[in-house]
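These notes concern the structure reproduced below.
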Amino acid sequence: MDGNMSGNTLQERRQGAMQVLSHAPAADIALRMAELPLPPYQQLRAPENGLVMVRGRIGGDGAPFNLGEATVSRAAIRLHSGEVGFGYVLGRDGEKARLIALCDALIQSPDHASAIEVKVVAPLRAEMRAARDQAAAQAAATRVDFYTMVRGEG
Amino acid sequence: MQSLDRALQPGFADKVLSAQATFRTVMEAMARPGQVMQVEDGVGRPPSMMAGVAAIALTLFDQETPIWLDAPLSGAPDIGAWLKFHTGAPIVADPALASFALVAAPEQLPDLRSFALGSADYPDRSTTLVLQVASLSVGPMCQLRGPGIDGTVSLCASIAPADLFARLSINEALFPRGIDVILVDGRSLVAMPRTTRLAAAGG
Amino acid sequence: MYVAVKGGERAIENAHRLLAHERRGDRNVPELSLAQISEQLGLAVDRVMSEGSLYDRELAALAIKQARGDLIEAIFLVRAFRATLPRFGATEPVDTGAMRVQRRVSSTFKDIPGGQVLGPTFDYTHRLLDPQLAMASDPDAPALAEASHAPTPRVTDILGQDGLIEPSPQTVEGAPVGDLTRDPLGFPAGRDLRLQNLARGDEGFLLALGYSTQRGYGRNHPFAGEIRFGEVEVEFFAEEIGFAVPLGSIELTECQMVNQFKGSATEPPCFTRGYGLAFGQSERKTMSMALVDRALRARELGEDLVAPAQDEEFVLSHSDNVQATGFVEHLKLPHYVDFQSELGLLRKLRREFAEANAEPALKEAAE
């Protein structure tokens with residue numbers, strides 16, 4: 001289930017982009033954003049660090065329980081055209097949260113949505129998928145192929 | 001999202017430093033009941049919320065501190081959206097569940113017993129009242145006494161409700177449970193923790 | 001008294017200076033970076049995250065460096081740090097069924113959908129020290145194979161389809177999720193609180209308790225139904241946004257124990273289960289946790305409470321190594337006054353004893 005541009009609603013597109021961006025290093029996002037002209041915006045919530053309590057489920061599929069916390073950084077910005085963007089991301093990188101918030105606002109703006117998707121999200125999505133495919137291929141090589149020993153004469 | 005239209009005000013410009021400074025001010029105020037303290041200027045806030053209240057909210061409220069709003073504040077849609085966005089604090093209808101109560105019209109303050117008074121095991125789990133008052137510099141003088149006050153301290157203020165001190169006398173019998181109060185006028189605030197008593201009124 | 005306090009201050013300051021010096025060690029040896037700890041001592045980082053109850057690799061690595069490799073000290077540092085940050089809320093419960101599996105084994109079925117994937121494991125290593133690792137190492141790149149994108153359902157889900165295993169306790173709408181970091185633990189504790197306690201509990205303590213159940217102290221006939229390790233996505237419902245926000249992914253290990261079956265006149269027999277979940281790759285921890293989780297269900301399942309692992313108050317009150325170390329290690333703090341009074345009492349008792357024993361001797365001598 002990774003971010004996909006084919007998501008039809010705006011919410012799905014925003015979630016898809018957030019997912020891709022949350023996995024990318026902040027420097028990679030910044031590098032790609034630097035190529036785009038950015039509209040003026042206001043910082044609505046300065047980047048701040050905090051925690052979320054990560055929940056699991058009893059037995060994997062049952063009632064929830066509190067597993068332990070994780071650090072999270074968050075930020076919010078508002079374009080002068082009114083779109084409000086949010087960034088929430090694991091870790092303590094406030095700049096990354098701010099960049100995600102900026103992308104989130106731009107995705108909601110008809111003037112900027114396609115540029116953000118094409119120049120920022122799509123290439124980062126490709127990198128994320130490549131990294132996952134690599135990990136999956138490494139794991140697959142350790143998969144056990146059971147076979148039955150044939151004894152005696154067939 | 002819908003509520004975050006252009007009217008949404010920012011909070012502290014420097015969240016960490018401003019929250020630390022405000023925390024220090026509130027702690028100092030609680031340690032020195034009756035003394036007027038100032039929080040720093042420049043905090044973003046909805047128009048009907050005083051700067052001192054906004055600073056307290058941004059410093060002390062989080063998603064684990066339920067907030068009760070009086071009628072004027074709960075009727076103002078920008079207040080709830082601002083609090084939710086900046087603090088994440090849940091807004092509750094039942095004052096008995098509230099960690100803090102924000103009151104813009106203190107003359108209509110409900111019976112204090114409708115708020116949380118704390119429990120014997122956890123007397124700190126009571127509601128702290130934050131009242132927006134007319135003035136903390138001009139008005140009738142009263143004298144306060146109690147821990148944190150050397151003898152008595154005088155406070156000139158225009159406070160509502162008029163019988164606030166009489167109502168707070170329930171704290172005497174409740175101790176260690178009880179209600180703590182912070183009075184706010186603009187950037188100024190005065191704390192009256194549950195141990196503060198009225199020594200003399202008038203003047 | 002005053003002089004003693006001042007002397008103490010100076011000694012403490014200098015002790016910290018000496019500690020920093022010892023931590024750095026021989027300055028001709030290159031200093032450890034956090035990235036080195038995180039990359040090359042990854043399982044220590046995982047343990048500090050699990051028992052420190054905070055998922056943040058960099059912080060855990062810093063704690064390990066600062067604690068000179070003392071993991072309980074590092075866990076203490078991480079716990080103290082987490083108390084300085086505001087909590088934004090709780091995530092949506094993670095879906096371990098959708099884990100991007102790096103390792104996944106079952107001891108109950110040879111053929112499971114998605115297959116048995118060994119992943120990076122110490123199992124099947126010969127446990128012989130490798131002298132080559134003492135020098136710079138440059139291991140071969142991992143082998144690659146075509147990954148199947150077939151789903152990897154949990155083994156317990158497969159057993160559950162036929163009703164052969166009890167279902168997990170289901171979510172009660174609106175019921176709060178117990179949190180022992182907010183409310184003091186009381187007894188009896190719900191299974192949510194027990195699992196939270198065990199998830200941050202000391203690995204060694206849980207390992208010993210789990211082992212004790214296998215040796216007969218509260219035996220519960222376990223099979224490792226499944227152990228899986230990999231990445232899961234974390235989502236957080238942010239009210240101001242109005243939808244679940246993807247936060248990124250974390251590594252988790254999950255263990256599903258399949259245990260002794262039970263049945264009654266009204267219910268057909270089925271297997272019972274114990275559950276373990278922890279941050280990072282923490283296999284021993286999650287297996288022990290699952291054994292102890294199952295043992296702590298003795299009362300619920302109508303079993304006799306005969307063993308330490310089944311005693312909820314005993315287990316939950318002693319599992320936390322930060323609490324435990326605090327209380328054990330406080331014994332080294334000054335107890336001068338306490339001890340003086342003990343000493344006084346002891347001297348008095350000895351005097352009385354000596355007097356009582358001396359009397360007959362004197363009497364005899366007089367006769």
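Please treat every number below as a calculation from the coordinates, not as lab data. Keep in mind that this is a model prediction, so the values were computed, not measured. All Cβ positions, even for glycine, are placed from backbone atoms using ideal geometry, and neighbour counts span all protein chains on display.
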Exercise. Would you mind checking the tilt of helix C:203-214 against the longest principal axis of the Cα atoms of chain C, expressed as 0 to 90 degrees and rounded to 10?
Key: 80
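Cα convex hull of the stretch C:1-132: how many Å³ per residue?
Hull volume over Cα atoms, normalised by residue count, gives 216 Å³.
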Quiz item: When the Kirkwood radius is taken over all Cα pairs of the stretch C:11-82, what Stokes-Einstein diffusion coefficient follows at 10 °C and 1.306 mPa s, in µm²/s?
Solution: 127
Exercise. List the relative contact order of chain B as a percent without decimals, with contacts defined as Cα pairs under 8 Å and 6+ residues apart.
Key: 23
Self-check item: the protein assembly as shown - convex hull of alpha carbons, volume per residue in Å³
Solution: 319
Quiz item: Using bins 10 angstrom wide from zero, how does P(r) for the stretch C:84-238 break down, in % of all Cα pairs?
Solution: 7, 23, 34, 25, 10, 1
Practice problem: List the pair-distance distribution P(r) of the stretch B:107-151, using every Cα-Cα distance, as the percent of pairs falling in each 5 Å bin from 0 up to the bin containing the longest distance, rounded to whole percents. | Solution: 5, 14, 14, 17, 25, 18, 6, 2
Exercise. Send over the per residue convex hull volume for chain B, Cα only, as a whole number of Å³.
Key: 112
Quiz item: Among C:Pro113, C:Thr84, C:Gln102, whose Cα lies farthest out toward the positive end of the dipole of the stretch C:78-122, if unit charges sit on the beta carbon of Lys, Arg (+1) and Asp, Glu (-1)?
Solution: C:Thr84
Quiz item: Mind checking which aspartates and glutamates have their C-alpha under 13 Å from C:Lys285, skipping anything on the same chain fewer than 8 residues away?
Solution: C:Asp46, C:Glu51, C:Asp202, C:Glu203, C:Glu254, C:Asp293
Practice problem: Determine the calculated [θ] at 222 nm for the protein assembly as shown from helices alone, applying -39500 (n - 2.57) to every DSSP H run no shorter than 4 residues and normalising by the residue count; nearest 500 deg cm²/dmol. | Solution: -11000 deg cm²/dmol
Quiz item: Which residues' amide hydrogens lie under 5 Å from the amide hydrogen of A:Arg143, considering only partners 5 or more residues apart or on another chain, with H built in the peptide plane?
Solution: C:Leu118
Quiz item: By Kyte-Doolittle mean hydropathy of at least 0.0 and Cα axial length of at least 18 Å, which whole DSSP H helices of chain A are selected?
Solution: A:94-107
Quiz item: How far, in degrees from 0 to 90, does helix C:283-295 lean away from the longest principal axis of the Cα atoms of chain C, to the nearest 10?
Solution: 80
Quiz item: Which of C:Met257, C:Thr286, C:Gln170 sits farthest toward the positive end of the charge dipole of chain C, with +1 on the Cβ of Lys and Arg and -1 on the Cβ of Asp and Glu?
Solution: C:Thr286
Quiz item: Residue by residue through the stretch B:19-28, which ³J(HN,Hα) values in whole Hz follow from phi under the Karplus form 6.51 cos²θ - 1.76 cosθ + 1.60 (θ = phi - 60°), with glycine and proline marked x?
Solution: 5, 5, 5, 5, 4, 4, 5, 5, 5, 4
Exercise. Work out the length of the dipole vector of the stretch C:11-82 about its Cα centre, built from +1 on the beta-carbon of each Lys and Arg and -1 on the beta-carbon of each Asp and Glu, and round it to the nearest 20 debye.
Key: 120
Quiz item: Nearest 10 degrees, 0 to 90: what angle lies between the long axis of helix B:51-60 and the longest principal axis of chain B (Cα atoms)?
Solution: 80
Practice problem: Determine the principal axes of the Cα atoms in chain A, then give the extent along each, sorted from largest to smallest and rounded to whole angstroms. | Solution: 81, 36, 29
Quiz prompt | Sequence-distant aspartates and glutamates (8 or more away, or on other chains) whose Cα lies within less than 13 Å of C:Lys262 | solution = C:Glu166, C:Glu300, C:Glu303
Exercise. Report the percentage of all Cα-Cα pairs in chain C whose separation exceeds 37 Å, rounded to a whole percent.
Key: 36
Self-check item: Dipole axis of the protein assembly as shown (+1 Lys, Arg; -1 Asp, Glu on Cβ), positive-most option in B:Ser74, C:Thr272, A:Gln138
Solution: B:Ser74
Quiz item: What are the extents of the Cα atoms of the stretch C:239-367 along their three principal axes, listed from largest to smallest and rounded to whole Å?
Solution: 94, 50, 29
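Show me C:192-203, B:91-102 ranked by packing, highest mean number of other Cβ atoms within 10 Å first.
Sorting C:192-203, B:91-102 by mean packing, highest first, produces C:192-203, B:91-102.
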Quiz prompt | Convex hull of Cα atoms in the stretch C:237-308, direction-averaged projection (nm²) | solution = 8.1
Quiz item: Based on Cβ point charges of +1 for Lys and Arg and -1 for Asp and Glu, what charge dipole magnitude is obtained for the protein assembly as shown about its Cα centre, in debye rounded to the nearest 20?
Solution: 860
Quiz item: Which of the lysines could a cross-linker span from A:Lys119 if the Cα-Cα distance has to be under 19 Å and same-chain partners fewer than 8 positions apart are dropped?
Solution: A:Lys96
